[in-house]
Amino acid sequence: VASQGCDVAVVECGLGGRRDSTNVLESPVCVLTSVELEHTEVLGTDLASIAAEKAAIASLGGTLILPRALPEEARRAAATVASERGATVVTVTTGGGTLLTGRDRRQTSRLFDASNVALAKRALDELQRRGLFRDDESRAATKKKHTVVSLGALLDNPNVLRAAKAALPARREWLSPTLVLDGAHTEESVRSFAKALPTGADLIALVGLAGDKDLPRFVNAVASAIRPTAVVCAPLDGTDAARQRAADLARAPFFGSFGGLRSSQSHQNDDAGRIHLAPDIRTAFHKATDLARGSSSGAGTSSFSAVDAGSSSSAGSSSSGGKIVAVFGSFSLCGQVRAIYLRE
């Protein structure tokens, strides 16, 4: 970071916080966006323990920003650790997030989670309070006791948000009007992603999940929040373990029994409403695109089918007939799908 001459760097922790390699940085401003039961074998088996591990990124004299929406036990644990480390705790109400209204608000809500926008605004204001990002004009205004525009207010400008979005791949990333990518792989992140999808949209879900993720919770969120018309499951790589994980995902009880997945009422004679297992990501993407077009072959009445490599047509660029292909469950999956889409 120093070699690149950065004035300010946004660094994301890889795993937890206390023992993460990024904790060598003494960050003046830290943000804890969410706490979920993830990586429990390392971080702890309850929300309070995980929050305490994450909050340990706070440094002496720094500020830790927390969303008020955190579960009480997690917020209390995080605040305790931050205080013990000599940091100030700031709690942010994340309900609104932005002052945008009308069309700008609707468009932006497809790109960003409102709570994350609120946290980012507060972080920018805190950095400004600490003297960062101040140009000569703002310093002069401060000296004369004139009002200085809040740096966080920049995020009320839709053009600024759209520019920021261009540098944030696989987070509500729309490659086309009918293809969206998101790395959501936990219950909470899947539910957040669902809010970015058009209400009532006919969705084809292309999913893949790493072996260390909570499969039952993920499946529950997909079934209850995404509610796809069809699901295509893909292995994240060519290993036997990845193929087995994809098979487990496709055969998960909540998927297999359609406990929450809604069948398409308008395509009784094709694959709509079914669950499909693909041997690789390329085949899975082509299958999902074919399902979106309504051009898939191999009709049947069972709720599960296996897709052979090469059995689906090329994704290409033809219309999907108004259906949306939503790719999520893994950043690796999203990256590979993006490469296939751009290449083909």
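The values are calculated or read from the model by the stated rules, or taken from the named source; none is laboratory data. No experiment lies behind these values; they were computed from the predicted model shown. Glycine also receives a Cβ, built like all others from the backbone with ideal geometry; neighbour counts cover every protein chain displayed. Accessible surface is based on the protein model in full, side chains and every heavy atom, while ligands, DNA and RNA are left aside. Shrake-Rupley method; radii C 1.70, N 1.55, O 1.52, S 1.80 Å.
What ranking do 52-60, 123-131 get when scored by the average of other Cβ atoms within 10 Å per residue, highest first?
Details: 52-60: 23.1, 123-131: 16.8.
The packing order, highest mean first, is 52-60, 123-131.
First compute the accessible area of the stretch 155-212 with a 1.4 Å probe, then give the percent of it belonging to carbon and sulfur atoms. Walk me through the intermediate numbers first.
Details: 1330 of 2330 Å².
Within the stretch 155-212, the accessible surface is 57 percent carbon and sulfur.
Arrange the residues VAL180, VAL31 by how much accessible surface each exposes, largest first, with a 1.4 angstrom probe.
Numbers: VAL180 0, VAL31 55 Å².
Per-residue accessible area, sorted high to low, gives VAL31, VAL180.
At a probe radius of 1.4 Å, what is the per-residue accessible area of VAL8, in Å² to the nearest 10?
Rounded to the nearest 10, that gives 50 Å².
Normalized C-alpha radius of gyration of the stretch 150-252, against 2.2 N^0.38 Å? Provide the component values of the computation, followed by the final result.
Details: Rg = 15.8 Å, N = 103, 2.2 N^0.38 = 12.8 Å.
For the stretch 150-252, the normalised Cα radius of gyration is 1.24.
Tell me the volume per residue, in Å³, of the convex hull enclosing the alpha carbons of the stretch 1-74.
Numbers: hull volume 6.9 nm³, N = 74.
For the stretch 1-74, the hull spanned by Cα atoms encloses 94 Å³ per residue.
When all protein chains stay in place, what accessible area (Å², nearest 10, 1.4 Å probe) is found for VAL1?
Solvent-accessible area, nearest 10 Å²: 100 Å².
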